[in-house]
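Worksheet: one structure, shown below.
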Amino acid sequence: MTSSGLQPRQDGDAALRLLRDGVLDLEGRLVDASNTTLRGILTLDGLTARCVYKPVRGERPLWDFPDGTLAGREVSAYLVSRATGWDLVPPTVLRDGPFGPGSCQLWIDEPEDAEPLVGFLPAGELPPRWIPIAAARDDDGAAYALAHADDPRLARLAVLDAVLNNADRKGGHVLVGADDRIYGVDHGVSFHVEDKLRTVLWGWAGKRLPADAVEMLDALAGQVAGALGAELADHLTISEVAEVAARVDRLRETGCFPQPPEDWPAIPWPPM
């Protein structure tokens, strides 16, 4: 929950106005992030909320993504998420801030009693309806499993990641909000034209897509060809927008969750 009590789904328009036009006061830096990531407080017309501000000038150059494009990819992920109707990415805009233009995303507070949905667990102690993804050992040699819950909310996120071509779905990028919804964050390395899907959510690989995902993809195809595609073109190249449409079409044709790539690491490092 944000400091204002805004709920991203119910209060989306108010959140977007606050993100775009609110006065942004910085609180500090999130030091574990690879790019400059700052937490701040937004204020507008008596409404306040926390946000994550990622200035373009703080983006670390990457060998496979053009410089200065990560903020636009964050915004693009929100636009696609909004178009799906699933609202899995918190409201995100591109705006000016204390360190110049950057992405600004509504902060999601996880309740203290929120149940994690992804993690490393003792190999023989997986909870019911959890799916092991990879084997691991701790410093003492004890066997662990990287696993995630067999949860339809996570399955939706896995479908969204396949559409976005998300190269960095770590477990720590999956948040449980106070409204018991899940949110995916950190989408700066998405939308590449080459297949770079890298995720901890491989539990449904090769399985049939659920009916709600098929219905969503059918609707999304038309949106990418229309208004959504035009919105994405403000942040992505023509080729990248075309590949969004192509990935949607491939998912519709196969009707299945994608399989892990053979020529690209399937799981991000670190996984959490």
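The values are calculated or read from the model by the stated rules, or taken from the named source; none is laboratory data. Bear in mind that the values here come from a model prediction, so they are computed numbers and not experimental data. Note that we place each Cβ from the backbone using ideal geometry, even for glycine, and neighbour counts take in every protein chain shown. With ligands, DNA and RNA removed, areas are computed over all heavy atoms of the protein, side chains included. Shrake-Rupley method; radii C 1.70, N 1.55, O 1.52, S 1.80 Å.
Which value, in debye to the nearest 20, gives the size of the charge dipole of segment 178-272 about its Cα centre, when Lys and Arg are +1 and Asp and Glu are -1 at the Cβ?
For segment 178-272, the charge dipole is close to 280 debye.
With θ taken as phi - 60° and the coefficients 6.51, -1.76 and 1.60, list the Karplus ³J(HN,Hα) couplings across segment 53-66 in order, rounded to whole Hz; mark glycine and proline as x.
10, 10, x, 4, 5, x, 6, 6, x, 10, 6, 10, 10, x
In nm, to one decimal, how far is the residue 109 label point from the residue 23 one, both placed 7 Å along Cα→Cβ?
A separation of 2.2 nm, rounded to one decimal place.
Spin-label point model (7 Å from Cα, Cβ direction): what's the residue 262 to residue 13 distance in nm?
In this crude spin-label approximation the distance works out to 5.1 nm.
Sort 172-185, 61-74, 251-264 by the packing proxy (mean of other Cβ within 10 Å over each peptide's residues), most packed first.
172-185, 61-74, 251-264
Computing the accessible area with a 1.4 Å probe over protein heavy atoms, can you report the carbon and sulfur percentage for the chain?
51
Over segment 110-206, what per residue volume does the convex hull of the Cα atoms give, in whole Å³?
125
As an exercise, use a Förster radius of 45 Å and the Cβ-Cβ distance of residue 225 and residue 125 to find the FRET efficiency, rounded to the nearest 0.05.
Efficiency at R0 = 45 Å is approximately 0.40.
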